[in-house]
Structure formats: C-alpha cells, structure tokens
Amino acid sequence: MLRDDTSPVKVRIKSMSETMSRLAFSACGNTRETLDPPAVDRAVPAHDYWTFLIAQCWNQLARMNIHQLMIGRLETEPRVASFILGLALRNVCEDTPEISVALPMSRTDIANYLVINCDTLSRTMMRFCDCGLIERESRQAVCVINLDALRKRSPLASLLSAVFEKSALGVTRKETRPCPQPTKIMASFLRL
C-alpha cells in the first residue's frame, strides 16, 4: 500500500478534480460519455444537476441490462438485429423512412461485443442486406431501410424503444427522469 503523500493516483485525481468542471467516464468499447449539466454554470442548482446525473446513470444501467439480455438470451440473428435497432433508434427522426447508422466499432469489435464469431456477424449482416432490412453505406456505416421489419426481428424492440427512442425524438434534459418502465419490460422478458 502506498502512503498518502506519495500516491500518484491520488495526486492525479485531485489535480483532475480541480481542473475539470464536468464528470466523464468511459463505457464498454470505444464509447466515452460526458455528463454535463444542462448549463455548465455555477448558477445551476445542485438538484438539477443531480436529477440529470441520476437520469444518465439510469440510462447507462438500462443499456447495460439490455446488453446482458442480448448476449445471455438471444440467438445470433435477434442479437444482431437488436444491436442495429439500438443504434438506429438513437438516430431516428419522425419524417425520414431510412436511418443512417454509424457503426461505432470495427467488425471484430462488434462481434466480440455481441459474443459471436466475426464470420457469423458478416453472414448475418449479409442476410439482413438480402432481406432488404439494411443497406451497407460504407465500412463504418449502414442504412436501416425497413425499421419496422427490424423491430419484428428483435424480441427486445419494446425495451430498446423505451430506452432509446425518447431521447432521439427530442426530449429535453429537464423532461428526462428515471422511469420504471424499462425495468418492468425487462422483468416480463425474463419471465418468458
């Protein structure tokens, strides 16, 4: 154990906390979330910041539970459909039929994240292209052509919609509150 006065970790954390006005953390993969209050200003009441922070933590917890359900309960095709649907629902707009989805990781990283073989992921994506669900735009992006058919392939579609669709359709941060709906949906899914 290091003494208090010589611990490099404590010194680094202390210096970071004095220089940074926002809280950031790294999630799975190449994701980096930054949690800023609605206005980075000392005049923002603390309860607004904590409400926002709790809502963000609730969202991260729901996302983690969805991932656990995907890799623990679903076969390959529904797993990949749920992954693409989750990415698409973040970018959904009310008036566009096609949704462009940037893939946040390489194909190998996506396969590892979904706990499937890379070749199986490629075959499944090609099957989705052949069915007219998605279209490959580039190596790092796909276009979801038929969102409703993709929802039918994912048994987690209602859960994904509850977590991702509200924020994509323009809900402001003040309207974002922890709600028990995703937990109820997860509980009903686990009973199946």
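Summary of computed values
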| read-out | value |
| --- | --- |
| Extension gain (nm, one decimal) between Asp148 and Trp50, 0.36 nm per residue minus Cα-Cα | 31.7 nm |
| Fully extended contour minus Cα-Cα distance, from Met64 to Asn91, at 0.36 nm per residue | 7.8 nm |
| Note, ³J(HN,Hα) from phi for the range 142-154, Karplus 6.51, -1.76, 1.60, rounded to Hz, x at Gly and Pro | 10, 10, 7, 8, 10, 5, 5, 5, 5, 4, 5, 7, 10 |
| Near-label residues of the range 65-100 by backbone N, under 13 Å of a point 7 Å along Cα→Cβ of Ala141 | 99-100 |
| Ranked packing of 79-87, 106-114, most packed first, by mean Cβ within 10 Å | 79-87, 106-114 |
| Formal net charge of residues neighbouring Cys131 (Cβ-Cβ distance under 12 Å; K, R +1; D, E -1) | 0 |
| Ratio of the Cα radius of gyration of the range 46-171 to 2.2 N^0.38 Å, where N counts its residues | 1.09 |
| Potential lengthening between Asp119 and Cys57 on full extension [0.36 nm per residue; Cα-Cα distance subtracted] | 18.9 nm |
| Sites Ser106 and Glu165 - FRET efficiency at Förster radius 25 Å, r taken between beta-carbons, to 0.05 | 0.40 |
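Just so you know, all these numbers are worked out from the coordinates, no wet-lab data involved. Everything numeric in this text was worked out from a predicted model, so none of it was measured. Note that each Cβ is placed from the backbone with ideal geometry, even for glycine, and that neighbours are counted across all protein chains shown.
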